[in-house]
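Presented below is the structure to which this report refers.
The values are calculated or read from the model by the stated rules, or taken from the named source; none is laboratory data. This is a predicted model, so every value here is computed, not measured. A quick note on method: Cβ atoms are made from the backbone with ideal geometry, for glycine too, and the neighbour counts reach across all protein chains shown.
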Amino acid sequence: MSNQQLTYLALGDSYTIGEAVEISDRYPVQLVELLKKDGIDVDHPEIIATTGWTTDELMKGIEKAKLSTTFDFVTLLIGVNNQYRKRSTEAYRSNFKRLLRTAKQFAKGNKKRVFVLSIPDWGVTPYGKDNLEKITPEINRFNAVNKEESEAFGVHYIDITQTSYAALNDLSLIASDDLHFSGKLYAQWAEMALPVVKEELK
């Protein structure tokens with residue numbers, strides 16, 4: 001490993017910016033810490049993410065950020081607000097494909113350095129629990145799209161959705177706003193991403 005720090009771009013929504021948790025609890029920040037522990041020196045993540053963003057809003061956010069550099073790797077987690085706002089999976093698919101192409105450009109044109117995380121299921125939260133039976137199949141539909149497109153495009157896909165369900169019986173996995181997840185759950189996502197990211201960065 002050279003002495004130069006690696007760079008990381010995290011794209012997403014509330015789950016990437018870590019709504020209702022400390023900065024150090026955000027999953028991209030925790031992932032960087034885990035990589036450092038394993039001897040891979042990564043700079044603070046550049047994060048383009050805002051709570052409430054849909055795929056098209058993320059695209060606008062990326063354009064607005066006017067990033068002039070590329071990165072050693074990129075993560076993408078987006079879609080919960082498309083589901084929440086009852087947007088179609090067709091529009092999601094088309095936007096998601098555009099975001100994959102954008103992520104690849106930011107990853108110096110190397111699609112193997114792009115890592116997609118699946119959408120967690122917010123139906124498990126105190127805020128969503130009464131509608132869990134409706135929310136879960138909808139989240140699954142959006143995840144079927146992002147998985148299919150990620151695999152077709154040739155990027156890594158990390159399925160974190162199942163980790164959500166532990167929150168049904170463990171409130172320490174829920175953030176203080178009763179709608180988002182806590183740093184404890186984000187730690188699990190970072191741990192799941194670690195071996196996949198590490199392998200590509202070697």
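Values for this structure:
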| quantity | calculated |
| --- | --- |
| Tally of residues being in a loop (DSSP other than H, G, I, E, B), more than 24 Å from residue 59 (Cβ to Cβ) and not small (Gly, Ala, Ser) across segment 122-158 | 3 |
| Selection count where residues are buried (at least 16 other Cβ atoms within 10 Å of the Cβ), of a type in the set (A, V, I, L, M, F, W, C) and over 17 Å from residue 107 (Cβ atoms), scope segment 18-38 | 4 |
| Close pairs (8 angstrom Cβ cut-off, 6 or more residues apart or separate chains): farther than 18 Å from residue 186 by Cβ and free of Cβ contacts under 8 Å to residues at least 40 places away in the same chain in segment 26-46, hydrophobic (A, V, I, L, M, F, W, C) and not in a helix (DSSP H, G or I) anywhere | 39/1; 43/6 |
| Members of segment 77-116 found to be surrounded by fewer than 19 Cβ atoms within 10 Å (Cβ to Cβ) and outside any helix (DSSP H, G or I), listed by number | 85, 86, 87, 88, 108, 109, 110 |
| Which listed residue is among the hydrophobic types (A, V, I, L, M, F, W, C) and farther than 28 Å from residue 177 by Cβ, from 42, 80, 74 | 42 |
| Tally of residues being part of a helix (DSSP H, G or I), more than 30 Å from residue 112 (Cβ to Cβ) and touching a Phe, Trp or Tyr at 6+ places or on another chain (Cβ under 8 Å) across segment 159-202 | 2 |
| Which numbered condition residue 41 fails, given (1) more than 19 Å from residue 117 (Cβ to Cβ); (2) surrounded by 21 or more Cβ atoms within 10 Å (Cβ to Cβ); (3) not aromatic (Phe, Trp, Tyr) | (2) |
| Long-range neighbours under 8 Å by Cβ, at least six apart or interchain, first residue closer than 13 Å to residue 149 by Cα within segment 92-108, second among the acidic types (Asp, Glu) | 93/149; 95/56; 96/149; 97/149; 100/149 |
| Selection count where residues are more than 17 Å from residue 195 (Cβ to Cβ) and at pLDDT 95 or above, scope segment 1-43 | 23 |
| Matching helices (runs of 4 or more DSSP H) fully within segment 1-67 where at least 3 residues are more than 23 Å from residue 125 (Cβ to Cβ) | 27-37, 55-65 |
| Where a residue in segment 49-62 is without any contact (Cβ under 8 Å) to a residue 40 or more places away in the chain and closer than 13 Å to residue 17 by Cα and its partner, wherever it lies, is of a type in the set (D, E, K, R) and surrounded by fewer than 18 Cβ atoms within 10 Å (Cβ to Cβ), with Cβ under 8 Å and at least six apart | 50/57 |
| Meets criteria (closer than 21 Å to residue 175 by Cα, assigned to a strand (DSSP E or B) and of a type in the set (A, V, I, L, M)) for residue 119 | no |
| When residues of segment 119-159 are limited to those that are β-branched (Val, Ile, Thr) and closer than 12 Å to residue 80 by Cβ, the one surrounded by the most Cβ atoms within 10 Å (Cβ to Cβ) | 119 |
| Members of segment 152-173 found to be hydrophobic (A, V, I, L, M, F, W, C), closer than 18 Å to residue 15 by Cα and in contact with a strand residue (DSSP E or B) (Cβ under 8 Å, 6 or more places away or on another chain), listed by number | 158, 160, 167, 173 |
